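The values are calculated or read from the model by the stated rules, or taken from the named source; none is laboratory data. These numbers come from a predicted model, not from an experiment. For neighbour counting, all protein chains shown are included, and Cβ atoms are generated from backbone atoms with ideal geometry for every residue, glycine included.
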Amino acid sequence: MKTNTQTYRLTASEFQWEISAGKTINAWGFNESVPGPTLRARKGDTLVVKVKNDLKESTVIHWHGIQLPSEMDGTDSVQKPIEPGEEFEYRFVVPDAGTFWYHSHQNETEQMERGMYGALIVEEDTSVVVDADRVLMIDDMKLSESNDFKKGNSILRWIERHDGREGQTLLINGKENYRIEMNAGQTERWRFVNSSSARYFRLFMGGRKFQLIAADGGLLEYPVEMSELLIVPGERADILVGPFAEGESIAIESLEYNRMTMFKAKRGTYATVNVGAARPSVFRMPEKLRTIQPLSSRDAAVNRKVKLSVDPSLKHGIDFNVNGKTHAADKPVTMGELQIWEIRNASLMDHPFHLHGFFFQVLEVDGKAPEYISWKDTINLKPLSRVKIAWMPDRTGAWMYHCHIIEHHEAGMMGHFEIVDPSKESKGVTHHHHKG
């Protein structure tokens, strides 16, 4: 079977970006756009992305959710960061269809906050036919009166390290008060990506029902009807919306979600849907979207425990730990050996856990099976909760997992581990790890 190659060029730079009429920020991003360009490929294609760094500091690009070789994962554990003026070519096959994204994995609290992210959509021949397919990247920015990125005093910075950074400027696709023009009588696929540092997005459209059809790792088996949906930092969710009536105006809101931070969450409006004249629809969808084979039974024995905790620290006041350490080195995983992990949140705040390079299936949340099976790479852990996940390590190399609240990741809530193939003699490969 012939594979196609999709080639893209991304240039990281500093530029002026208008988030709403007359409101301009000094953004960092790709190809002078926030978000960066949406990269598109078909399942099985080879993606070649040539990245040039025109910033004044080094960067690396992580391909969030793509099951790729370790050396292309885009972290400073597996590659030398791209220095100012340098270029690096990422080349990998995209083996799964779904909604993915790319973002800086270097000085993320600054680089991602300023706009260094974009969507990566991998398509396949599917029997879900929609009238339109949109990518909606959720973000927020913390800006001063003069639209500069706010640093804040030491108390505010401490709170931000504790809570993660949330700002009052709410963005979809880099714009405030985003507008969606839609035709009456049509059904669309909306691909949400939560690219914000710390904001939990609780999708609500005035109580109107929509159908969840895909999670991080692509389609579910069956659509799930709902009228609100929590999408945490790093997560993706594809929904079917419509049909609506001509003349309707619908607010896309995020309801408040209490993730146990010092500042209380508020409800916010991100976008408005304006429904225009009716058009005929081509929408059709099978009863079953796909089959997902379970990796394991619920009662499988746990072979690794990961504990996320927030602990007092003499140096920082608080440390964000994995198994009692910041930027922890976790023990190796054997290639081909099914992993059953129990991830426990021992802290009193929510943490979205993200595993690099692999999808997992959630077997249990607090001892109960989830309502439906799906492929995930990011899952929210409520305070004092535990989840049991199953995943198959089918590629060697250096990998990591971390809390996707960017400030918690930076403060140490991450683990590094190697996947080793015992049948191959160790070649003594060393990796330089991210320093806390």
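Some points to look at:
- Residue that is in contact (Cβ under 8 Å) with a residue 24 or more places away in the chain and in contact with a Ser or Thr (Cβ under 8 Å, 6 or more places away or on another chain), where the choices are ILE318, ILE239, ILE231, ILE250: ILE250
- Condition met for SER104 (of a type in the set (Ser, Thr, Tyr) and in the same structural domain as GLU248 (by TED's automatic domain parsing)): no
- Listed here are the strands (runs of 3 or more DSSP E) enclosed by the range 132-215 that have at least 2 residues being under 17 Å from the mean Cα position of the chain (by Cα) and in contact (Cβ under 8 Å) with a residue 60 or more places away in the chain: 132-141, 169-172, 188-194, 210-215.
- Residue check, GLY324 over 23 Å from ALA237 (Cβ atoms) and free of Cβ contacts under 8 Å to residues at least 24 places away in the same chain: yes
- Against the criterion of being under 23 Å from GLU418 (Cα atoms), among the β-branched types (Val, Ile, Thr), touching a residue at least 12 places away in the same chain (Cβ under 8 Å) and not assigned by TED's automatic domain parsing to the domain that holds GLN168, ILE61 qualifies.
- Number of residues in the range 71-94 that are in contact (Cβ under 8 Å) with a residue 40 or more places away in the chain and within 18 Å of the chain's Cα centre (by Cα) equals 3.
- Looking across the range 115-147, the residues that are of a type outside the set (Ser, Thr, Tyr), modelled with pLDDT of 95 or more and more than 30 Å from PRO243 (Cα to Cα) come down to GLY115, MET116.
- For the range 77-125, a residue qualifies if it is under 17 Å from GLU407 (Cβ atoms), surrounded by fewer than 20 Cβ atoms within 10 Å (Cβ to Cβ) and among the small types (Gly, Ala, Ser), but none of them does.
- Flag for GLU256 being closer than 29 Å to GLY164 by Cβ and touching a strand residue (DSSP E or B) at 6+ places or on another chain (Cβ under 6 Å): no
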